[in-house]
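Trainee: I'd like to ask some things about the structure below.
The values are calculated or read from the model by the stated rules, or taken from the named source; none is laboratory data. None of the values given here were measured: they were computed from a predicted structure. Every residue, glycine as well, gets a Cβ built from its backbone with ideal geometry; the counts of neighbours run over all protein chains shown.
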Amino acid sequence: MLDIIVNLQACGGKAAQRWEVFEVTARRVGINFKAHFTEYAGHAILLARQLLSSQSHRITVFGGDGTLNEVLNGIIEKDRLINPNTEVVFIGAGSSCDVVKMFLQVLPPLDRLTATASHLVDVVRLDCQDTRGKPVTRYFLVNSSVGIISRSIELFNKNTPLQGWLKRRNIDAAALYAGLKNIATFGNMQCTLQLPPQAAFQTELKNVTIFKSAYFGGGMNYGVASRADDGLLHIALIHGCSRWRTLFLLPALYDGTILNKPEAAYHQTTEFYFSVNNKPVCVEADGEIIGYPPCHYRLLPRFLRLVI
C-alpha cells in the first residue's frame, strides 16, 4: 500500500478540491493507498519520520513545495537519509510547485504513484539560527532567500483575510501584493559574504537567493538553466538600491532578465556563507520561514531519489 502525505491547506486551501479529484481518480483505477493528512505547520516532518519507522521506503507528497520541504527534513538526519533506500514521489498541489520546473519532462500525477524510475537530485543543507540564537539546520531542494524576497514570502504566508482572498483568486497577484508592500518598507542590508575558497567580503544588498531551481513565487525566475543534479549552488545577488529602483526591477523578475541588470550579480559554488550586519531579516527555504542569519549553505550532491 502506498503512503501519501496530504496537505489540504496548500495553495490557500485549493489543494482540498484538487485532492478530492485526485483521490477519486486514483481509487477508480485501482491504486491502493493510505492518506496521512497534515494538521499543523511541521506536521509533515513528523509524519514522514513515522512512516520511515514503519519500514516504508517510498513516501508520496500531495501538496506544495513547503510540504515537500517538510517531508525532506523528516527523512534526513545529520546529512544522511534515515533509510538509504528512501524515494519521494511529489504530486504538486501548491501555489507554485517550483521544484517541478527543474525538470524538462515530468510524469502525469497518477503515473508517478507506480513509476519505477526516479531522478537522483541534489539537496542543500542550510545552517542558520532561531530568534534566540540557537542553531537551526534545514535541508531544501528548490531555493532559499534572505532579504526583500524572504520578507515578502513571510507576508505571503500570513493568513490575513486580504492575503487569503488574493491567493484563492490569483496566486501571482497575492505574491505581487506582498512584494509591493515590502518594497515600500524594506531598505538595504549590510552583508558579509564568502564563496570559498575566496576571502569574505562586505557589500550592500537588497536580496540574496541560493537556488537549484531558477523559478520562484510562481511566475518569477532568474533566467538560469540550472538542473536538479548539476552539483552547484546558484547564487543571485541584488545589490542595494533605492525603493523606486527596486520597483522598476520587478518586471525583470517576471521575464527572467533580472541577472542582466547592473544591480545584479550571479555566482556558482558548492558552499556559501552569508550574514546581515545591520538588521534582523528572516531566512526562507522552499517557501517556509525557518530562521535568521548568519547562514551557511552546503551542497549534498545527488543525494535523494525523487519521482516527478
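Trainee: Would you point out which residue out of Ala26, Ala35, Ala41, Ala48 is surrounded by 12 or more Cβ atoms within 10 Å (Cβ to Cβ) and either in a strand (DSSP E or B) or outside the structural domain of Val88 (by TED's automatic domain parsing) (or both)?
Mentor: After ruling out the rest, the residue left standing is Ala35.
Trainee: Looking at Glu39 and the list (1) farther than 20 Å from Thr137 by Cβ; (2) at pLDDT 95 or above; (3) of a type outside the set (Phe, Trp, Tyr); (4) touching a His at 6+ places or on another chain (Cβ under 8 Å), which single condition is not satisfied?
Mentor: (4)
Trainee: Scan the stretch 198-218 and give yes if some residue there is more than 28 Å from Gly12 (Cβ to Cβ) and either buried (at least 20 other Cβ atoms within 10 Å of the Cβ) or not assigned by TED's automatic domain parsing to the domain that holds Phe272 (or both), otherwise no.
Mentor: The answer is yes, given that some residue of the stretch 198-218 is more than 28 Å from Gly12 (Cβ to Cβ) and either buried (at least 20 other Cβ atoms within 10 Å of the Cβ) or not assigned by TED's automatic domain parsing to the domain that holds Phe272 (or both).
Trainee: Is at least one residue of the stretch 242-261 farther than 18 Å from Phe216 by Cα and among the aliphatic types (A, V, I, L, M)?
Mentor: no
Trainee: Let me ask another. Do you know which of the residues in the stretch 233-259 that are in a helix (DSSP H, G or I) and charged (D, E, K, R) is surrounded by the most Cβ atoms within 10 Å (Cβ to Cβ)?
Mentor: Arg243
Trainee: While we're here: All but one of (1) in contact (Cβ under 8 Å) with a residue 24 or more places away in the chain; (2) farther than 22 Å from Leu104 by Cβ; (3) basic (Lys, Arg) hold for Lys212; state the number of the condition that does not hold.
Mentor: (2) is the only condition that Lys212 fails.
Trainee: Scanning the stretch 78-92 for residues that are assigned to a loop (DSSP other than H, G, I, E, B) and surrounded by 12 or more Cβ atoms within 10 Å (Cβ to Cβ), which turns out nearest to the chain's Cα centre (by Cα)?
Mentor: Ranking the candidates gives Asp79 first.
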